[in-house]
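The values are calculated or read from the model by the stated rules, or taken from the named source; none is laboratory data. Note that the structure is predicted; figures quoted are calculated from it, not measured. No Cβ is skipped: glycine too gets one built from the backbone with ideal geometry, and neighbour counts run over all protein chains shown. Heavy atoms of the whole protein, side chains included, go into the accessibility calculation; ligands, DNA and RNA do not. Shrake-Rupley method; radii C 1.70, N 1.55, O 1.52, S 1.80 Å.
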Amino acid sequence: MKGKDKNQLSWREAFRLNGRAFRLIYKKYPQMIFSRFVSTVWDALTPYISIYLSALIIGELAGARDVERLRELVLVTLCAEALLALANAILIKWKNYVNAGSNYKWKKFYEEKLLDMDFIDVDDSRTHDLYYKIEQFRYGGGWGLMRVLLIFEKLVSALFIILGGIVLTVSLFTSRVPKASGAYMLLNHPFFLLAMVAVMFATIYLSPALTAKADRYWVKNSDARQAGNRIFCFKLAFMTYKGDLASDVRIYRQDRFMEKYDGDKSGIFYSNGLFAKYAARAGGLYYAASAAVSVAFMGIAYAFVCLKAWAGAFAIGEVTQYIASITKVSVGVSSLVGAMGDIRNNAPFLKENFRFLDIPNTMYQGSLTVEKRKDRDYEVEFKNVSFRYPGSDTWALKNINMKFRIGQRLAVVGRNGSGKTTFIKLLCRLYDPTEGEILLNGINIRKYNYRDYMSIFSVVFQDFRLFAFPLGQNVAAGMDYDKERAEDCLVKAGLGGKLKSMPEGLETHLYKDFSDNGVDISGGEAQKIAIARALYKNSPFIVLDEPTAALDPIAEAEIYSKFSEIVKDKTAIYISHRLSSCRFCDDIAVFDKGQIVQQGSHENLVADVGGKYYELWQAQAQYYT
């Protein structure tokens, strides 16, 4: 987002984007909007009650000094202040209650979009770059959706402050200087009054306009700021406290990276950096000019009020009222102009927000219900399936033809990048084929209800994740679960011994994020829990993508020896780099450069000395003998 032309959207577009964002927030969190509106209006108008009552008291003290009248005014003022404070406390409590956890509420817009998004877009690095950019906008300067709510408060506050101020200052311009004041009669002339109003509003407008001009330097260099934030966050947030980096940081003295960046004062946020130069030159001058104009306005306002009071247009009590009210009007108009500047400055950031939120879902969801068969009689067939990732000219898979037999144990092997994981993601319909079709019981899987179809698969991916919740909830992937079934799955996955040692059994938290009694688990133990989770789902197809990569040889042998018992009558698909683990499978598919180049049993494939499987086997055979 560098460069003026790209950032400076038209007013019409700026209002459209901010209006759309406001409607989006209101639709999801109407109480948040309403509570802020009421609280803001209250904050804007109640000071005028104090101003008016104070002016009456000062006027009485400077005038008749009626003790009874003063007693009444003081009592009314004290009661009013007490009631206003009470009402303000109630409104603040309500507003805080409704807006509690606002940071999570902002994130929810994007998280719900990610959960609803087609997996092919979730898996796209461009989507994550865009999401990270939006997060940087939000944390770096509060830009984006969050700023819309702040602008809303600013606008409401400004409008009601101006309205209240006008009510209390209109008599300043209608009060006439007595004829006996001589030259001061000029203050009654309509042209003089109009000129004063014009000068006052011009100076009020100019101050926030100059501030907005200074802010433009931040907006138009948001890309540079984002890059600086990334380095800053990585350097301070990741290198210093992430436990999995701590050992490398010490062994290789990677703290010297931090010293390098800290010593480089030309960095984006440092004393010789881009924003420091803006602050010292044009940006700083705009901010200084804004402050000077604001002071000039106060001088003009004071002079005008004092001249009319000196000439006898009104009493000393009203001087207090007018000075305070004009000051409030100044704040209101400045806030209004500032809000208008924010609307335009925020528009480019909202455009990026909506570019993310408007990513379309193109995957056809289907409507057929997958029959829940007790005999698990499901047949999946790949027919001339080819797949190419978006934006790539290279085929990840090409002309795949395969049929899964019921209860089959299939191993999928091949070098890294040969298409094994892509094959599994197509099978589970995380992607749709670019060419060809995948059939379930003779029907194209696109015609089945998307969630229904996914329900027939249990998968342990290489990059599986466990949560810092109780063990039982991790196994069941839900809050409520069958304890006996969860324990059985953990035992089958080889974690029975660990379960017995856990202080609270299935209710023991994994890790210590949310519980001091949480248990840290090894990579191998985590992998067994992931296998138990796949078993708990009890789907007819179970897919294991490198399920024993983090296990020691004994634990791996234990899993393999019990594999048939674990999967029972399920159709099992097993991806591995360790070819020795394929020997228990009924069939082996060898992938190379996105194609199936061989298929058969271990004995038949290893006997083909010219085949890819034999080549892979020989490369690992030295470790088996």
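Values computed for the structure shown
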read-out	value
Pairwise FRET efficiency - LYS447 versus SER392, Cβ, R0 = 35 Å, nearest 0.05	0.80
Residues of the range 473-503 with amide N under 17 Å of a point placed 7 Å along Cα→Cβ from PHE584	489-496
Sulfur and carbon atoms: percent of accessible area, the range 381-426 [1.4 Å]	39 percent
The range 282-357 - accessible surface per residue (Å², probe 1.4 Å)	36 Å²
19 Å cut-off, amide nitrogen to a point 7 angstrom out along PHE467 Cα→Cβ, residues in the range 115-145	115-117
Whole-Hz ³J(HN,Hα) from phi, Karplus 6.51 cos²θ - 1.76 cosθ + 1.60, for the range 479-486, glycine and proline x	6, 9, 7, 8, 5, 4, 5, 5
Distance in nm between pseudo-label sites at GLU135 and ALA87 (7 Å out along the Cβ direction from Cα)	4.4 nm
Packing-based ranking, highest mean first, of 500-507, 320-327, 528-535 given that Cβ atoms within 10 Å are counted	528-535, 320-327, 500-507
Residues whose placed amide H lies under 5 Å from that of ILE573, excluding near-sequence neighbours	LEU410, ILE542, VAL543, LEU544
Accessible surface ranking that places the most exposed of VAL305, VAL38 first, with a 1.4 angstrom probe	VAL38, VAL305
Lys pairs, the range 438-541 - Cα-Cα below 30 angstrom, 8 or more residues apart or on other chains	20
Area accessible to solvent at TYR389, 1.4 Å probe radius, in Å²	80 Å²
